C-alpha cells in the first residue's frame, strides 16, 4: 500500500511540462519580415513620395465622389468594403458560420467590384485596358473558390481566395492610388 504522500509525489511528477512554443515556420517568418519591410518603407518614404507628387492625405473629397457616374461610385464602395472585409476575414478563425457568412458577403462585393469595372473605361479611350483582364479573372475564379469550399477542398479554396484578396483587391487598389488617378484625387489631391 502506498502512502498519500507517495501518491501526491507521483501525481506531481507525472504532470507533463507545458509544450515549448515553436517559432513560426520559414514561410510565415519570410512573410512577417516582408510585411515589416514594406510597412517600414511606407512609413519612411510614403509621406515624401506623396508630397513630391503634389498631394497631401485628407478625408475623401465627397463632392468629387458624388460627381462620378453611379457605376464608379458603386465600384469604389464595393472595392473599399471588399478590402476591409477581406482583411477582417483573413484575421479571424476559419471554417465557422461567421467565416462562411462573411465569405459570401466578400464574394458578392468582389463580384460587384469586378462586374462594375467592366463598365468603366477611359484609360485606353473608350475600350477596355489590361486591368479588365483582372476583372475577368476574378469573375472566373470566384466560383472556383466557392466550389472548392463546398467540396471541402480547403487548400484550393484558401489559395484562390487569398490570391484574389491580395491580387484583385490590395494590389489593384494600390494601383488605383497612383498620382492622377481618381482615388489619388479623392484622398490625396
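All of the numbers you see were taken from the coordinates with simple rules; none came from a lab. As the structure is a computational prediction, the values presented were derived from the model and not from experiment. With ideal geometry, Cβ positions are generated from the backbone for all residues, glycine too; neighbour counts draw on all protein chains shown.
Considering only alpha-carbon pairs that sit under 8 angstrom and 6 or more positions apart, the relative contact order computed for segment 62-189 is 24 percent.
Radius of gyration over Kirkwood radius for segment 62-189, both on Cα atoms: the Rg/Rh ratio is 1.00. As a proxy for reagent exposure, 183, 161 were ordered by neighbouring Cβ count within 10 angstrom, fewest first; the result is 183, 161. Segment 70-95 and segment 160-175 have their alpha-carbon centroids 11 Å apart.
Cut-off is 10 Å between beta-carbons; in what order do 162, 138, 174 appear when sorted fewest neighbours first?
Result, fewest neighbours first: 174, 162, 138.
The fewest-to-most ranking of 178, 164 by surrounding Cβ atoms within 10 Å reads 178, 164.
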